[in-house]
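Just so it is clear, none of the values below were taken in a lab; they were calculated from the coordinates. None of the values given here were measured: they were computed from a predicted structure. So basically every Cβ, Gly included, is an ideal-geometry build from the backbone, and we count neighbours across all protein chains shown.
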Number of protein chains: 2
Amino acid sequence: MRKYFPFLEWSVNYRNADLKGDISAGLTVAVMLIPQGMAYALLAGLPPIIGLYASVLPLFVYALFGTSRQLAVGPVAMVSLLVASGIGNFATPGSEQFVQLAILLALMVGIIQLLMGIGRMGFLVNFLSHPVISGFTSAAALIIGFSQLKHLLGISIPRSHHIHETIWHAISQISDINPLTLSIGLVSIVLLIVLKRWRPVFPGALMVVVIGALAAWGLSLTEAGVKVVGAVPEGLPALSLPQFNTAQLTDLLPVALTIALVGFMESIAVAKNFAAKHRYAIDANQELVGLGLANIAGGFFSSYPVTGGFSRSAVNDQAGAKSGLASIISAIMVAITLLFLTPLFYYLPTASLAAIIMVAVFGLVDIQEARHLYAIKKADFYLLLLAFFATLLLGIEEGILVSVVASLILVIRRTTRPHTAILGKIPGSDIYRNLERYLEAKSPDGIAIIRIDAALYFANCAFLKTQIDALAGRENLRAIVLDASSINDIDASADAMLHSIVRDLTERGIGFYLANVKGPVRDVLRRSGLYKVLGEDHFFFSIHDAVMHINGEKSDIENEIQFIG
Amino acid sequence: MRKYFPFLEWSVNYRNADLKGDISAGLTVAVMLIPQGMAYALLAGLPPIIGLYASVLPLFVYALFGTSRQLAVGPVAMVSLLVASGIGNFATPGSEQFVQLAILLALMVGIIQLLMGIGRMGFLVNFLSHPVISGFTSAAALIIGFSQLKHLLGISIPRSHHIHETIWHAISQISDINPLTLSIGLVSIVLLIVLKRWRPVFPGALMVVVIGALAAWGLSLTEAGVKVVGAVPEGLPALSLPQFNTAQLTDLLPVALTIALVGFMESIAVAKNFAAKHRYAIDANQELVGLGLANIAGGFFSSYPVTGGFSRSAVNDQAGAKSGLASIISAIMVAITLLFLTPLFYYLPTASLAAIIMVAVFGLVDIQEARHLYAIKKADFYLLLLAFFATLLLGIEEGILVSVVASLILVIRRTTRPHTAILGKIPGSDIYRNLERYLEAKSPDGIAIIRIDAALYFANCAFLKTQIDALAGRENLRAIVLDASSINDIDASADAMLHSIVRDLTERGIGFYLANVKGPVRDVLRRSGLYKVLGEDHFFFSIHDAVMHINGEKSDIENEIQFIG
């Protein structure tokens, strides 16, 4: 029960001592979330109100079903950018249709994440390597940051994934720059950076927003061409079924899959971080369920896709969050804002929101990590460069694709070549160890003993064949012994490969013996008939027994370390 | 030199004794190739002549650059079907544009395969599991077979990947069936099956084609509505640069990637089979180069994509092929046919070609394999069913996608949970072995010793953390020793994980020690500062040393098995 409703865990054992931290964290995050939510919605090509809608119900739902106690769910920069570039191919940013597709996307992302969680696919999170994530994030941060230039300068730049194009457009319109807009933006950036460095707990984003709105209102800056958010509808989002046709589903599926995966990766990385710090367990599959339900709920209440983000979670933790209650309080604060405070946003300059985004994302450009990798492992450094430049030069989605494919190829390359060892006998004992590591170990005359340190299955069984073929080429070889002590499991492809190894070696007049075969493997080999093909007398409890048998000696059971099957 | 021009290998050492086999095999395959080439081109939605063009130059090129001596390259059913469904979205089958796209596709497939070969990506062949390939092939065979119903019945059925639709269309037009066409088809099928069973070396396809053409010509069957191949242009294909624009390249890229991979998979499986039988080595990367160059050459001479196929390679081997010379002889025979014999094909009924395809592909439906898997390993059986039904119900390309994703998920799942063992001391020795397997082994008081049997990298380091966290929860635990003897390599992600393990354990007051750390791993850990963080005195040459140190005893070097780093 508690496994599927994690809030039962913390709500039942809730300590009053935690309440103060949760309230303080909930309020602090809300103050950050309101301007960020609007800013990220703008980044996604949506009206700011959608960012606020995405900051209410999804937070509630995640608090009930998620396993992290510090994770702050809501609009984040990366997902917003994916929404912008993914839907940008099918609708005009800011249009009614764009908004509808974004809401449909939330529903699709939610369903995909829920299904992945139910299908226990949480382990997929392991398949993107750190260097690849780091390179991709740095490049995406640059693209996101530069995409805000138009708001900062008060000019119009066509949406582009190519930074040099964006910069070129900005330079070519240098005479059109609105100096007031630029001033608001620059002052906001400086304030944010200074506050971040000297007063990390101070709600810098809120202050920037308040100052910007006051200035625009008091000095009538809109008349001087400073763009502001404008009318924001009042009230909570209403329940509405996303409208769609099957063509739209097909169009959005690749984007939905990408956001479901990337959003989950970002979220789980943050959640794991805080779970380790506070010593509790995160369940990756339940995290998928929690995020999935949050997005599904959002899809029915005019929200766009959300996930757990780094910066607000850090603030949540720092301000003392001890449970999901903190997120629920944040959500209530945003709801109150939606009910009563939206008229105050009218004069909020978009340049202030752009400044918030730029400061947030440029902090994600991680040069430190690149330097670190260069120092300790060159191969990882080059991977980082690959992901970085692929994203920067080809675009966000192509960058993800290249990064995922590069990571997958690495996984496959590793997995197809498991560790193997050629064993020899330690003199004066009946122990067989790796010849490369125990110099005094000796290979028995005419017998090669090989151990493979992995479950045998379709991806690595060809490698075993290659290794055994190489051994079989040795002069005067009479027998090969496979030490199966590390083979915990075997699949049908590997079983077929063993049959073909037996056939080959038999044709060459070389005996094939197995030692230390474990129970589950034994069952498969028995059913597949390998015991019949080889004969029961080719299977031994230990390498020593096998070697004694091959040499025609009797096994000296007394000396032997008893093997337990 | 010989590595990149494998024909130097066999041409230099050519024995006259092999010539007879090569000539006989070359002629036999040509007799099979000519009707099959035309039939498969028809299946691909192309005029039969394109299948003959694809049976000349690509065979020459593969013979020079491929490493297999029995592989018969040319048009095959699976690739033909992929061409039909892949280009079908962009052009009408049989149209001039369709032909041009198919030729462009050959060029693209060739370039992709060549690049993969140069990039040494041959290992990718290991990532599709046998059950998945078997299930996919069986379903694809059914789809291909039923797609020929229209030729067999002499009716017109819209192209569909859904067998039930195809069958439904056939039934609804039952009154339109041309009885003469159906008779030719059925007689051909019966002849082919009977000959295959009773006279396997007899050129059944040729006989069916000859009988069909004679009947159509002699009995004037075209006047009774029997469809025939019609005029086939005479002469060899001319050199022509494929025409294309960038939109077409983008459209065809997914199809080209699919064909490049699937074609390679089919080809390498066949090539490996015969290489094992005749005891020579296949180089997967050079195979990619050979197939790639064959397709590129084909692209410049009006050919559609080719690969090494199962049935003709089997006949090639059976008829005595000993080297690429056999394929060169086949190609010359097809060239002679193109120069002088094409008028003879005018009266060839398409029903005869359909019969050849149907008999060929229904033989690929492998119920035996499904039964075998059910008996020896249920999980593999369910995988086969998944691939089979995904292909049958969703279509060929979707089936490949589902199969690839299922295989990849399996690889990742395996690779993220490598084998680990908790070790204990064998009494009266300084040897530490797996506690689960050596009942008399004892865990030292307050010390847990863990060994992980894999290189540590991003995909499996989270698993190590989980295992160590579980150990750290034990009561009265003072220290954890990681036996690194099986860790051949480590990447930056795993190094970061070790740092985080050290941090966590230190906070809990548990010591962390490493034993048997290998050279390359040592280098990374030194550069990343783990030696400094932990202290040099936390690294030991053996588990025994580490345990002695933790217990405050002096190491008894004399008794120790010397470790070589």
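Please state the shape class of the stretch A:6-411: rounded when a/c is under 1.5, otherwise prolate if a/b exceeds b/c and oblate if not, all from the C-alpha gyration tensor.
rounded
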Could you give the nm distance between label points at residue A:368 and residue B:339, where each point is 7 Å from its Cα heading toward the beta carbon? 7.4 nm
If each residue's Cβ is checked for other Cβ atoms within 10 Å, how do B:151, A:372, B:278, A:549 rank with the fewest at the top? B:278, A:549, A:372, B:151
Mean per-residue count of partner chain Cβ within 10 Å for A:490-501 equals 5
Quick one: if you stick a label point 7 Å off each Cα along the C-beta vector at residue B:16 and residue B:4, how many nm between them? 3.5 nm
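Test of the criteria: in the stretch B:146-244, which trypsin sites (Lys or Arg not before Pro) are in a DSSP loop and have at most 14 other Cβ atoms within 10 angstrom of their Cβ?
B:159
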At 7 Å out from Cα toward Cβ: residue A:158 inter-copy label distances (nm, ascending): 3.8
Using DSSP to call loops (not H, G, I, E or B), can you name the trypsin sites (Lys or Arg not before Pro) in the stretch B:248-339 whose Cβ has at most 14 other Cβ atoms within 10 angstrom? B:279
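So which GluC sites (Glu not before Pro) in the stretch B:157-242 end up in coil per DSSP with only 14 or fewer other C-beta atoms within 10 Å?
Here the sparse-neighbourhood loop sites are B:234.
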The protein assembly as shown - Kirkwood radius from inverse mean 1/r over Cα pairs (Å): 33.3 Å
Relative to the other copies, what are the label-point distances for residue A:245, with labels 7 Å from Cα along the C-beta vector, expressed in nm at one decimal and sorted shortest first? 2.6
Apply the Karplus curve 6.51 cos²θ - 1.76 cosθ + 1.60, θ = phi - 60°, to the phi angles in the stretch B:275-290 and return the couplings in whole Hz, x for Gly and Pro. 5, 5, 4, 9, 6, 9, 9, 9, 9, 4, 5, 5, 4, 4, 4, x
What average count of beta carbons from other chains do you get within 10 Å of the Cβ of residues in A:364-372? 1
Paired Rg and Dmax values of the stretch A:420-559, which use every Cα atom, in angstrom: 14.2, 40
Sorted from largest down, give the three principal axis spans of the alpha carbons of the stretch A:164-278, whole angstrom values. 47, 45, 41
Along principal axes, largest first, the alpha-carbon spread of the stretch A:257-307 in whole Å comes out as 36, 19, 15
Given a Förster radius of 25 Å and the C-beta distance between residue A:175 and residue A:222 as r, what FRET efficiency does 1/(1 + (r/R0)^6) yield to the nearest 0.05? 0.70
Cα axis of helix B:163-172 to longest principal axis of chain B: angle in degrees, 0 to 90, nearest 10? 20 degrees
Separation of the residue B:199 and residue A:527 label points, Cα + 7 Å toward Cβ, nm: 4.4 nm
Working from Cα positions, state the angle (0 to 90°, nearest 10) between the long axis of helix B:204-218 and the longest principal axis of chain B. 20 degrees
Value at 222 nm in deg cm²/dmol, rounded to 500, when DSSP H runs of n ≥ 4 in the protein assembly as shown each add -39,500 (n - 2.57): -19000 deg cm²/dmol
Counting only residues 5 or more apart in sequence or on a different chain, those whose built amide H sits under 5 Å from that of residue A:512 are A:480
Chain A - share of DSSP beta bridges that are antiparallel (%, nearest 5): 50 percent
Mean projected area (nm²) from the convex hull of Cα positions in the stretch A:476-541 is 4.2 nm²
Could you give each residue of the stretch B:401-408 its phi-based ³J(HN,Hα) in whole Hz, using Karplus coefficients 6.51, -1.76, 1.60 with θ = phi - 60°, and x for Gly or Pro? 4, 4, 5, 5, 4, 4, 4, 4
HN-Hα couplings for the stretch B:225-231 via Karplus (6.51, -1.76, 1.60; θ = phi - 60°), in whole Hz with x for Gly/Pro, come out as x, 6, 7, 10, 4, x, 5
For peptide A:519-529, the mean count of other chain Cβ atoms within 10 Å per residue Cβ is 2
Within a 10 angstrom radius of the beta carbon, how do A:198, A:168 rank from fewest other beta carbons to most? A:198, A:168
Place the label 7 angstrom along Cα→C-beta at residue A:96 and in each other copy, then list the distances from the first to the rest in nm, shortest first. 4.6
Using alpha carbons only, how many degrees (0 to 90, rounded to 10) separate the axis of helix A:179-198 from the longest principal axis of chain A? 50 degrees
For A:336, B:449, what's the fewest-to-most ordering of other Cβ within 10 Å of each Cβ? A:336, B:449
Could you please state, rounded to a whole Å, how far the C-alpha centre of the stretch A:170-209 is from the C-alpha centre of the stretch A:223-247? 25 Å
Provide the percentage of antiparallel DSSP beta bridges, counting only those with both residues in the protein assembly as shown; round to the nearest 5. 50 percent
Taking a ≥ b ≥ c as the square roots of the eigenvalues of the Cα gyration tensor of the stretch A:37-143, is the shape rounded (a/c under 1.5), prolate (a/b larger than b/c) or oblate? oblate
